[in-house]
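Reading through the structure tokens given below for one structure.
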Amino acid sequence: MNPAAGVLHDGAGYHVNEEADFVIVGAGAAGATMARWLTAAGRSVVVVEEGPPARPATGDGRAALQQLYRDSGTTTARGPDPLLLLQGRTVGGSSFVSGSVHTALPEATWRAWAERDAAWKARVPWEKLEAARARVDNELAVNKTPRSLLSDDAEALARAMPGQAMATWRGAPGCVGNGRCFLGCPQAGKSSVNVTFLPLAMQRGARIYSRCAVEGIDWQGKRAVGIHGLFDNGYRFKARANVAVILAAGAVQTPGILLRAGVKGIGANWSCHPTVIVSGLWNKPLNYAGATQGVDVQLGHEHGIDIETLRLPPAWRRLTVPGWGTALAERVEQLDQVLTWQVRLRPEAVGRVRLGKLTRKPQVEFALTAADRRALSTGIALAAEGMLRAGALVAWPQVGGWSEEIGSLKQVHELMNRPIQPGALHLIASQLFGGVPTDARGQVVGTERLIVADASALPGAAGVPPLSLIHAAASVVADYWADARP
Ligand SMILES: Cc1cc2nc3c(=O)[nH]c(=O)nc-3n(C[C@H](O)[C@H](O)[C@H](O)COP(=O)(O)OP(=O)(O)OC[C@H]3O[C@@H](n4cnc5c(N)ncnc54)[C@H](O)[C@@H]3O)c2cc1C
Ligand code: SF4
């Protein structure tokens with residue numbers, strides 16, 4: 001059967017057999033961008049998404065993670081430090097649960113990538129990338145976070161590091177500052193692709209299927225001619241792609257699909273932005289009203305790190321409070337005084353995606369280098385210093401082997417270059433990159449008509465939040481294929 005165009009089909013009650021010019025796997029940031037621009041060029045598009053339609057989570061505990069995140073938010077990478085990999089799994093992908101911070105890729109990073117990756121240079125020339133970014137930013141209403149949307153802890157970071165702290169740029173024209181971005185905006189206030197690019201693509205006839213996991217690629221020789229998958233209720237899905245198959249399942253699942261298909265050269269050069277959360281205790285209850293990520297300090301050029309305010313839902317904020325027994329109970333009593341900032345690293349380390357031998361699921365391996373540990377040590381100490389300077393009573397660095405609580409600048413300076421031992425950190429990464437080599441038109445090297453448009457086609461860790469880059473790079477690749485013949 002081939003149901004109506006321009007519709008989001010939430011699952012299916014029968015086996016589905018589809019056909020379109022382009023079949024896109026994944027309705028996240030990159031998949032939606034491709035769908036938006038290819039349908040604008042008059043091409044027919046089918047999008048297949050494993051997760052359910054985008055619905056804001058009602059609570060903020062485990063159920064919310066189950067509704068919106070892959071593996072209920074418990075996916076981890078293998079390596080010396082526990083590294084949680086957060087991946088949205090819903091129509092809208094990680095864009096639906098993002099803070100919608102849109103930061104331009106620095107030209108220096110583009111140049112460094114272009115020097116070592118000729119295909120990147122040819123595929124996404126700087127001028128095209130910038131033009132696409134302007135076009136996308138305009139459509140997603142990207143703007144500087146206004147003062148009225150800065151919560152108390154964002155104001156604290158701005159005070160602590162004047163001259164370095166900047167309001168974030170966000171695509172969130174309807175934001176009212178309720179800080180639930182990571183749970184899906186209840187106001188539809190941010191420009192996640194479920195309310196922007198996907199509806200535009202559907203207006204132009206795109207058909208989207210949710211709750212359908214793509215399991216494999218169909219081939220004619222080296223040429224990808226379609227995909228097959230399974231709805232969560234057991235019905236089968238098959239789609240023929242007359243022009244090309246586009247993989248946009250994210251920087252862990254896309255390499256996984258390709259590894260399962262036996263494509264060679266997949267999984268190397270994988271990276272992410274490992275992040276640690278530093279929390280602290282304020283001297284009075286904080287007014288949290290404001291954007292999820294309001295203020296950012298970019299120390300990348302100097303240290304390879306960023307410090308960013310991070311307004312967490314209460315159940316998540318509770319996890320950043322250290323200690324046990326009575327001490328923990330007393331601290332949790334003061335949860336409305338706890339502020340949370342994140343220290344984000346642009347790592348030197350490079351990881352890899354492999355297939356689990358038994359599960360056949362993608363498994364990431366990642367280990368920080370000694371230089372990465374030093375950079376994080378500096379970042380955590382700077383964040384703790386900033387908190388104390390801004391007025392916090394104590395900062396909690398959350399590093400094994402360090403003091404649980406930092407209450408003085410003297411203590412901070414002792415920590416500044418203190419090594420962090422392997423295993424002493426709890427890392428989280430939601431910004432993931434690489435794993436798939438692609439050619440000058442975005443095709444997977446060694447294949448034909450199999451395009452990768454998502455973060456797995458990026459040459460490395462961007463050093464800045466990547467949504468803006470992912471949208472812009474995908475729209476450049478969409479332009480190449482807009483006129484392609486079957
Ligand atoms: C909590 C969180 C907050 C973030 N905040 C920001 C931010 O403020 N600014 C920023 O720049 N970046 C942010 N990011 C990162 C950003 O959202 C991602 O880098 C970006 O969305 C990645 O785009 P993508 O297209 O590669 O993958 P995604 O947007 O993750 O989309 C991949 C989609 O493919 C689907 N999929 C996977 N496998 C299959 C399969 N086999 N079959 C069918 N569908 C499949 C997934 O369910 C998912 O919906 C955040 C990420 C998270 C998780
Ligand atoms: S801060 Fe709240 S209102 Fe603003 S975009 Fe995020 S969830 Fe929506």
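Structure notes:
- The helices (runs of 4 or more DSSP H) falling completely within the stretch 93-138 that include 3 or more residues that are crowded, with 21+ Cβ neighbours inside 10 Å and of a type outside the set (A, V, I, L, M) map to 93-97.
Each row is one residue, and each column tells you yes or no for (1) at pLDDT 95 or above; (2) part of a loop (DSSP other than H, G, I, E, B); (3) within 16 Å of ligand 2 (Cβ to nearest atom).
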site	(1), (2), (3)
A244	yes, no, no
P255	yes, no, no
L258	yes, no, no
G265	yes, yes, no
S271	yes, no, no
V278	yes, no, no
K284	no, yes, no
T292	no, yes, yes
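- Annotation note: of A131, A141, the sole residue that is in contact (Cβ under 8 Å) with a residue 40 or more places away in the chain and more than 30 Å from A390 (Cα to Cα) is A141.
- Look at (1) more than 16 Å from ligand 2 (Cβ to nearest atom); (2) over 23 Å from K144 (Cα atoms); (3) touching a residue at least 40 places away in the same chain (Cβ under 8 Å) and you find that A315 fails only one, number (1).
- For the stretch 144-167, the criterion of a residue being at positive phi and touching a Ser or Thr at 6+ places or on another chain (Cβ under 8 Å) is satisfied by no position.
- Subset of the stretch 200-239 (residues that are over 15 Å from V45 (Cβ atoms) and of a type in the set (K, R)): R211, K222, R223, R236, K238
Conditions tested, residue by residue: (1) closer than 19 Å to A241 by Cβ; (2) within 15 Å of ligand 1 (Cβ to nearest atom).
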| residue | (1), (2) |
| --- | --- |
| V176 | no, no |
| R180 | no, yes |
| Q187 | no, no |
| G205 | yes, no |
| W219 | yes, no |
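- Among the residues of the stretch 423-448, just one is within 19 Å of A383 (Cα to Cα), open to solvent by 50 Å² or more (accessible area, probe 1.4 Å) and more than 15 Å from the chain's Cα centre (by Cα), namely H426.
- Applying the condition of being surrounded by 24 or more Cβ atoms within 10 Å (Cβ to Cβ) and under 15 Å from L157 (Cα atoms) to the stretch 392-409 and asking which residue is nearest to the chain's Cα centre (by Cα) yields A395.
- Residues being in contact with an Asp or Glu (Cβ under 9 Å, 6 or more places away or on another chain) and near ligand 2 (Cβ under 7 Å from one of its atoms) - total across the stretch 135-190: 1
- Output for the stretch 7-56, where each listed residue is open to solvent by less than 40 Å² (accessible area, probe 1.4 Å), under 23 Å from D479 (Cβ atoms), assigned to a loop (DSSP other than H, G, I, E, B) and more than 13 Å from ligand 1 (Cβ to nearest atom): R43
- When residues of the stretch 474-486 are limited to those that are open to solvent by less than 10 Å² (accessible area, probe 1.4 Å) and hydrophobic (A, V, I, L, M, F, W, C), the one farthest from A132 (Cα to Cα): W481
- Among the residues listed as I451, I470, I420, the single one being more than 15 Å from ligand 1 (Cβ to nearest atom) and buried (at least 19 other Cβ atoms within 10 Å of the Cβ): I420
- Filtered residues of the stretch 189-202 (kept if more than 12 Å from ligand 1 (Cβ to nearest atom) and open to solvent by 10 Å² or more (accessible area, probe 1.4 Å)): V195, T196, P199, L200, M202
- Residues of the stretch 368-391 that turn out to be open to solvent by 50 Å² or more (accessible area, probe 1.4 Å) and not charged (D, E, K, R), as a count: 1
- As a summary of the residue check, G177 satisfies the conditions (1) open to solvent by 10 Å² or more (accessible area, probe 1.4 Å); (2) part of a loop (DSSP other than H, G, I, E, B); (3) in contact (Cβ under 8 Å) with a residue 40 or more places away in the chain except for the one numbered (1).
- Subset tally (residues that are assigned to a strand (DSSP E or B) and open to solvent by less than 20 Å² (accessible area, probe 1.4 Å)) for the stretch 296-333: 7
- In the stretch 143-172, the residues that are within 15 Å of ligand 1 (Cβ to nearest atom) and either hydrophobic (A, V, I, L, M, F, W, C) or open to solvent by 30 Å² or more (accessible area, probe 1.4 Å) (or both): N143, K144, L149, A154, M166, A167, W169, A172
- Test: residue in the stretch 205-225 that is within 16 Å of ligand 2 (Cβ to nearest atom), in the same structural domain as V243 (by TED's automatic domain parsing) and buried (at least 18 other Cβ atoms within 10 Å of the Cβ): no
- Residue in the stretch 404-412 that is of a type in the set (D, E) and more than 22 Å from V214 (Cα to Cα) present: yes
- Flag for L83 being open to solvent by less than 30 Å² (accessible area, probe 1.4 Å), among the aliphatic types (A, V, I, L, M), away from ligand 2 (no atom under 16 Å from the Cβ) and over 23 Å from R223 (Cα atoms): yes
- Check on R344, at pLDDT 95 or above, open to solvent by 40 Å² or more (accessible area, probe 1.4 Å) and in contact with a Pro (Cβ under 9 Å, 6 or more places away or on another chain): no
- Residue list for the stretch 424-467, filter: away from ligand 2 (no atom under 16 Å from the Cβ) and part of a helix (DSSP H, G or I): A455, S456, A457
The values are calculated or read from the model by the stated rules, or taken from the named source; none is laboratory data. None of these values were measured; they are calculated from a predicted model. Backbone-built Cβ (ideal geometry, glycine too); neighbour counts: all protein chains shown. Surface accessibility is based on the protein's heavy atoms, side chains included, excluding ligands, DNA and RNA. Shrake-Rupley method; radii C 1.70, N 1.55, O 1.52, S 1.80 Å.
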